[in-house]
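Since the structure comes first, as structure tokens, the remarks are kept for the end.
The values are calculated or read from the model by the stated rules, or taken from the named source; none is laboratory data. Values in this document were obtained by computation on a predicted structure and should not be read as measured data. Neighbour counts are summed over all protein chains in view; Cβ atoms, including those assigned to glycine, are modelled from backbone coordinates with ideal geometry.
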């Protein structure tokens, strides 16, 4: 379900989110902010590869070691990005997220997790032969740490690149956040077709919100090189208890097949 971010009806958006488990906010992030995000995180990614950036901004748990693009070492993830870029911090803390979270979580003070586990994450998917991140299998975010005191939650995904079959796209099962299913069963689906799934495409500057229990995956792009690149910034807003700063990664059930 898509909404024009310049004239959004917050009540209609909330109802759609509650029914389908996701919404798309069209053109929410300005080109000026996107340009800064792209510049800041491209630099951070290069510095991480070259060993010039503290490893607290990288994750060997999310990244699979050994990625090569054009024969050179590559890092697909940069974490804790709101500490690296004021533009990322701005895009992660927009008022509309808080407005939606207050309604769907029925809490007065939802909060952005920009400090624990992975914080706000930059993801750079490539379809090239040397890539270690080209797609993600079926899962729900809840599966990654079911015992967390921070739930409920929704993820926000800020699209740096438009998505398409060439560079991959989000696959979701609308309404699946209202069902209960064991995480191992979801993981067993890997990349297969699931009854009721739909593709969700996004343009540069769009933001997708999706529920922490929504079943979703990401399709692999069909193009090599830059045409198959899919970059976005992802974080989460929560309605439960704050995680302590010393929480670290906690339990992490990595069932998202790659």
State the number of residues belonging to the range 190-203 that are touching a strand residue (DSSP E or B) at 6+ places or on another chain (Cβ under 6 Å), on the phi < 0 side of the Ramachandran plot, touching a residue at least 60 places away in the same chain (Cβ under 8 Å) and outside any strand (DSSP E or B).
2
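Per-residue answers, yes or no, for (1) over 27 Å from residue 175 (Cβ atoms); (2) in contact (Cβ under 8 Å) with a residue 40 or more places away in the chain:
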| residue | (1), (2) |
| --- | --- |
| 30 | yes, yes |
| 38 | yes, yes |
| 42 | yes, no |
| 86 | yes, yes |
| 93 | yes, no |
| 99 | no, yes |
| 118 | yes, yes |
| 129 | yes, yes |
(1) in contact with a helix residue (DSSP H, G or I) (Cβ under 6 Å, 6 or more places away or on another chain); (2) over 18 Å from residue 23 (Cα atoms); (3) surrounded by fewer than 22 Cβ atoms within 10 Å (Cβ to Cβ) all hold for residue 78 apart from (3)
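Determine which member of the set 208, 249, 186 is in a loop (DSSP other than H, G, I, E, B) and either touching a strand residue (DSSP E or B) at 6+ places or on another chain (Cβ under 8 Å) or surrounded by fewer than 19 Cβ atoms within 10 Å (Cβ to Cβ) (or both).
249
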Out of all the residues in the range 179-198, is one or more at pLDDT 95 or above and closer than 18 Å to residue 25 by Cβ?
yes
Only residues that are touching a residue at least 12 places away in the same chain (Cβ under 8 Å) and assigned to a helix (DSSP H, G or I): list them for the range 15-28, please.
16, 17, 18, 19, 20
Among the residues in the range 219-236, are any at pLDDT below 95, surrounded by fewer than 18 Cβ atoms within 10 Å (Cβ to Cβ) and assigned to a loop (DSSP other than H, G, I, E, B)?
yes
When only residues in the range 100-132 that are in contact with a strand residue (DSSP E or B) (Cβ under 6 Å, 6 or more places away or on another chain) and at pLDDT below 95 count, which is surrounded by the most Cβ atoms within 10 Å (Cβ to Cβ)?
128
Output the number of residues of the range 237-246 satisfying the condition of being part of a loop (DSSP other than H, G, I, E, B) and surrounded by 15 or more Cβ atoms within 10 Å (Cβ to Cβ).
3
